[in-house]
Structures are given as structure tokens and as C-alpha cells.
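Written below as C-alpha cells is the structure these notes are about.
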Amino acid sequence: MKGSLRWKPDQTSKIPIFKQIAGHLKERILSGEWTAGSRIPAQRQLAGQFGVNRSTIVTALEELKAEGLLEGITGSGTRVRSTPAAGPDSSRSLDWDAYIRRGIHMPNLPAVQAINRAEADPAVVRLGTGELAPELIPSGMLQRMLGRLARQPLPGGYEEPLGSPALRSEVSRHLAGYGITASPSSILIVSGALQALHLISMGILRQGATVFLENPSYLHSIHAMPAVHTRMAGIPMDGEGLRVDRLSEHAEDMNGAVLYTIPSFHNPSGIVMSGPRRAELLRFCTEHGLPLLEDDVYRDLWLDAPPPPPIKSMDAGGITLYIGSLSKTLSPGLRVGWVVGPQPVVERLADIKMQTDYGTSSISQALARECLAGGLYEEHLLRVREQLLIRRSAMQEALEQHCQGLLEWSTPQGGFYIWAKVPARSGAKPLFQRMLKKGFLLNPGYVYGPSCGAYLRLSYAYAPIPDMQRGIRELGALLRQ
Ligand SMILES: Cc1ncc(COP(=O)(O)O)c(C=O)c1O
């Protein structure tokens, strides 16, 4: 289906555009990609996808209706009517839509789905993306390492349940640099931090458990902890991070709960939790027997000064599960991260991982080990920080030039994000939609928390600087309207 998303009508062809589109959609139906009874994408979405007016889509759909392939059911959109394979009694054919609706994993929020679609469109300028720009991913270094690996016997088998011992030793050494003492047997290699969150939710949370977290939080934007399991309880933040005084208001609600925090260069607010606040949070969680999930994927991306030591490094009681990843600093495509915690917990998570995917790609693990082992990762980080500093200044200057007095924001000390407040009369949702129409993708705040409708998440990590400047100028113009 991904290939077909990229299909566009040929503007130079003699065949009318609506006919090309009708032909393309017909192929989706006759190949069984769109089955009888299923709803086809909205006209607006198809128009955007194919770069045509909505009226062209309407004409194409009318043609398919006339052929008996589609039917419009008032109030429920256009559906596929029947396919030759479905036979004469198409009403009894398999209803995939019903199966999909009943599946237990929640779908993404519509805005997150729209963001995911737009991110796949190379014509869109990504002004809010949580990813390094392609030119900041050290592809030369990764190629050289792959070359070196290719000259040795490749690790082609399944790895141990906790992951490659050689990589775990390197991660253990790497974590010692942050002051965390973690032997390789307390480290589980995962396919990115997101998988760590899935494993934790399946491995240690009971039905209906409460997850305390910052409001806003990245965790609101995905169903890493499926809603059937959890109740998200957002705790306000201030300039020093999560407000422990507000968390303590829930003291009677801690049974079976966990606390999730992103203390360093928080996603999306960019806030760094202060050292004293980290100590206070650890004390609170220890006193209340509340497991603390510390998601530290942005730690290495400090620009002005390193953040305070991880909470995990102060935790002698073993209440913290520490999550790290190479996605934000090196390459998200590698899919390598880790969880560190008490041995019985990581073994429980490893057991679930074995039932899920039998381990992270052994080749990715070997590559990650090479990067961490030879000091090349640290060398690469110096370049990434240097480039992110330049990009942060460029975005800051563009905001000052075009959005002064229209947006409120503060400069983050690291990570990727600028969390900007828009005036109440503008609203982040219409801005998101209008900017997307103009080819600029921003992340609207409401995907990060229930009370974040007046915010936008900007990122200086991805778009080329001239595109970023154009985008911020456009944003300023829209805000002024
Ligand atoms: C705070 C946080 N945790 C986890 C992730 C997921 O990262 P990974 O690619 O390692 O799964 C992200 C990615 O946006 C993130 O911002």
C-alpha cells in the first residue's frame, strides 16, 4: 500500500486525470487491497494524496460507482461494493472493517495518523519532527562499520534473551559514564525505547493501572501503554520539571501505579528536570513504593550544559527502570535501545520480548556495539551537538523575526523541541491544518496532553535551515491574519 500512496496521476498523459485515478483505485479493489464493505479514504485525503481538486476525485468515484465497484452510504462515506472474487452474494464476504474496529490495540489519534502520512511525503517540510535530519545521521561511519563487520563472520543467529552480551557490556560501560552502575545481566536490549514501553506495560502493569506522567508528555501521543490497561494521570510541570508537590496529591492512588518521566530535554516541552527535583521525585517514589520509569533518550543531546545525573544513578533501592536508545542521537532506523532495572524485571521483559520478536536484529546489535566501542559514538555526538546548536539559533532567530509577540516560547538547553504557545484566538489545530496545506508540518500540542490545545511542538532537528526559515515566516503570517 505504501507504494500506491506515492502514486500520482501523470499530468502529461492524454488520459484524463479522473480516468487515471479511477483506474488506480479500481486496481486497489480488484487486487483485494480494498475489500468489499471497507470504507475508502475520504475525498479530501485522496485529493491531497494525488495533488488534485476534490471535484476530480468526485468524478473518479462516480465512475467507479457507475461500474458497481463503489457505493456511497449516507453518513458513512464511500465503501467498496463488491469484487469479482466476492461472488454474487457480496454482503456475506469478509468484513475486515469490523475485525479492525474490534482489534484490541487502539488506533493512533487522527492527528498523529495525519502526521505519520505527511512525514512520508518528501514534498512536506517537517518543522516538528522528532528525528535527526538525514545529513546528521553518520551514514559514512555506519557504512565503514558495516564494511568492517562484513569481513567477519556475521552474527546471523538468534541472540540471548537479554540481547547480545557484547553490546550489553558496551552499554554497561556507556552507562557508567553517566554514573549508572549496571551489570550486563541487568540490561535488556530492545528495538527502540518505544518497545521498552510496550514491554513494561505488558510485563508489570495490571488492568486499569494508573500511569502518572508529565502533562504534556510524548506518552500521550502514542498508545505505548494500551488504553485497556492504563489510566493516564497527567501531573503539571514547572521550569524544574514534574511537580512532585502535585503528585503527592494522589498519594492514596499509588497501588499498582507507575510513574513515567522524561527528565532530560523533555518531549515536547524541552524542560530539564533540576537536580534537586530529581532527588525529590526519587524520594517520593521510594517512600510510596512507586516504580519510576526514566525515559532518557535525549540525554546526550545537551547543547549548553550536560543535564543533571540520571535519577537511576542516585537510586540505591532499585525502583527505577532506565530507558535509553540510539534513535535520537545516531539512527532511528537501527532500532536499538535498552532498559536497565532489577534482574527479575528485565528477565520478565526479556521473556515477553522472546515471545514477541525473538530479539532485536543481531546485525543492528553488532553495529551498535561497534559504534559504542571505539569512541566513535562520542565523536559523532560532538558533530551532532555542533549542528543542533546552529539549527537551534536559526529557529530562534526566525521566531524572533517573524513570530515575536505572536507566540510564546523559551529556548531549550538541548534535545530537539521548542514548545510554543499560540494566542487563544488562533488555536493550534487550525494552524496545523493551514500550515499543512501550505506544505509545512507542525505537531499540534493537543496530541501531547488533554490541556495542550494552545501549543505547537516545533523541532529544529530535521528541516534544512532555509526551509525552516520559510516555514516560520509562513507561520508568522498565518498568526498575524
Ligand atoms: C521520549 C521518547 N521516548 C521514546 C521514543 C521512541 O524512541 P525509539 O525510536 O527509540 O523507539 C521517543 C521518540 O520520539 C521519545 O521522544
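The values are calculated or read from the model by the stated rules, or taken from the named source; none is laboratory data. The model shown is predicted, which means the values in this text are computed figures rather than measured ones. Neighbour counts are summed over all protein chains in view; Cβ atoms, including those assigned to glycine, are modelled from backbone coordinates with ideal geometry. Heavy atoms of the whole protein, side chains included, go into the accessibility calculation; ligands, DNA and RNA do not. Shrake-Rupley method; radii C 1.70, N 1.55, O 1.52, S 1.80 Å.
Lys and Arg at +1, Asp and Glu at -1: add these up for the other residues within a Cβ distance under 12 Å of residue 142 and post the number. Before the final figure, lay out each step's value.
Values: positive: 144, 148; negative: 370.
Counting the neighbours of residue 142, the net charge comes to +1.
Over region 260-401, what is the mean sequence separation of C-alpha contacts under 8 Å (at least six apart), divided by residue count, expressed as relative contact order in percent? Could the numbers behind the result be given before it?
Numbers: 147 pairs, mean separation 26.6, N = 142.
19 percent.
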Interchain or long-range residues, amide H under 5 Å from residue 70's placed H: 65, 81
Nearest-ten-degree value, helix 165-176 long axis tilted from longest Cα axis of the chain: 60 degrees
Sorted peptide list for 122-131, 102-111, criterion being average Cβ within 10 angstrom, highest first: 122-131, 102-111
Accessible area of region 139-377 divided out per residue, in Å², using a probe of 1.4 angstrom: 37 Å²
Extension gain, residue 286 back to residue 33 (0.36 nm per residue minus Cα-Cα distance, nm): 85.9 nm
Region 139-377: Cα Rg divided by the 2.2 N^0.38 Å rule of thumb: 1.00
Extension gain from residue 253 to residue 408, taking 0.36 nm per residue of separation minus the Cα-Cα distance: 52.3 nm
The chain, relative contact order [Cα under 8 Å, separation at least 6], %: 18 percent
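Could you tell me what percent of the accessible area of region 244-382 is made up of carbon and sulfur, with a 1.4 Å probe and every protein chain present?
Numbers: 2580 of 4840 Å².
Answer for region 244-382: carbon and sulfur cover 53 percent of the accessible area.
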Spatially close lysines, pair count over the chain: Cα under 26 Å, gap of eight or more or interchain: 25
Stretch gain in nm, segment residue 304-residue 158, where the contour uses 0.36 nm per residue and the Cα spacing is subtracted: 48.4 nm
Rounded tilt (10° steps) of 362-373 against the dominant C-alpha axis of the chain: 40 degrees
Theoretical ellipticity at 222 nm over the chain - DSSP helices of four or more residues, -39500 (n - 2.57) apiece, nearest 500: -12500 deg cm²/dmol
For region 1-61: rounded, prolate or oblate by the Cα gyration tensor [a/c cutoff 1.5]: prolate
Angle in degrees between helix 17-30 and the longest Cα principal axis of the chain, rounded to the nearest 10: 70 degrees
Sorted peptide list for 339-348, 441-450, criterion being average Cβ within 10 angstrom, highest first: 441-450, 339-348
Span per principal axis, largest first, for the Cα atoms of the chain (Å): 71, 56, 55
By average C-beta atoms within 10 angstrom, highest first, the peptides 278-291, 36-49: 278-291, 36-49
Net charge contributed by nearby residues that have their C-beta within less than 11 Å of residue 243 (K/R +1, D/E -1): -4
